[in-house]
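Here is the structure we will look at.
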Amino acid sequence: QVQLVESGGGLVQAGGSLRLSCAASGNIFSILNMGWYRQAPGNQRELVAIINRGDTTNYADSVKGRFTISRDNAKNTVYLQMNSLKPEDTAVYYCYSLIIRDRAYDYWGQGTQVTVSS
């Protein structure tokens, strides 16, 4: 089976920065997409950023210019550098990956809390 393990969440002040990481392990033939979603209390889970194997990226409009997603294919790891954080960025952030074993499967991490204080 495949596991996604997130790290790097925490509490920061508005305007500060955090760097999230997510490492995939297990029976992996190839990782296609890796990304981050977030869910705040009372809200639906929303896409934050996603990156494909060719390093093409897509960002939510609310984070463009502030967040940067990247990946290290040798380490099966995706990163989310979050700068100029705002209180509205407060949410549980979930790592996502589309991974090929015999075929493509969706995998999710357990989530890491990001809290931005004002």
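Scanning the stretch 28-70 for residues that are touching a helix residue (DSSP H, G or I) at 6+ places or on another chain (Cβ under 9 Å) and of a type in the set (S, T, N, Q) yields a single hit, Ser62.
For the stretch 66-118, the candidate set comprises residues that are under 22 Å from Gln1 (Cα atoms) and among the polar types (S, T, N, Q); within that set, the residue that is most open to solvent (accessible area, probe 1.4 Å) is Gln110. Every listed requirement among (1) farther than 21 Å from Thr115 by Cα; (2) part of a loop (DSSP other than H, G, I, E, B); (3) at pLDDT 95 or above; (4) not small (Gly, Ala, Ser) is met by Arg53 save one, (3). Tell me which of these Val12 doesn't satisfy, since it passes every other one: (1) closer than 20 Å to Ile100 by Cα; (2) in contact (Cβ under 8 Å) with a residue 60 or more places away in the chain; (3) part of a strand (DSSP E or B); (4) over 10 Å from the mean Cα position of the chain (by Cα). With (1) closer than 20 Å to Ile100 by Cα; (2) in contact (Cβ under 8 Å) with a residue 60 or more places away in the chain; (3) part of a strand (DSSP E or B); (4) over 10 Å from the mean Cα position of the chain (by Cα) applied to Val12, the lone miss is (1). When the test is whether a residue is part of a strand (DSSP E or B) and of a type in the set (Asp, Glu), Asp102 does not pass it.
Against the condition of a type in the set (A, V, I, L, M) and at pLDDT below 95, how does Ala74 come out, does it pass? Reasoning before the result, please.
On the way: of a type in the set (A, V, I, L, M): yes; at pLDDT below 95: yes.
Yes; evaluated as a whole, the condition is true for this residue.
The values are calculated or read from the model by the stated rules, or taken from the named source; none is laboratory data. Model, not experiment: these values are computed from the prediction. Cβ coordinates were reconstructed from backbone atoms using ideal geometry, including for glycine residues, and neighbour counts include every protein chain displayed. These accessible areas exclude ligands, DNA and RNA; they are computed on the full protein's heavy atoms, side chains included. Shrake-Rupley method; radii C 1.70, N 1.55, O 1.52, S 1.80 Å.
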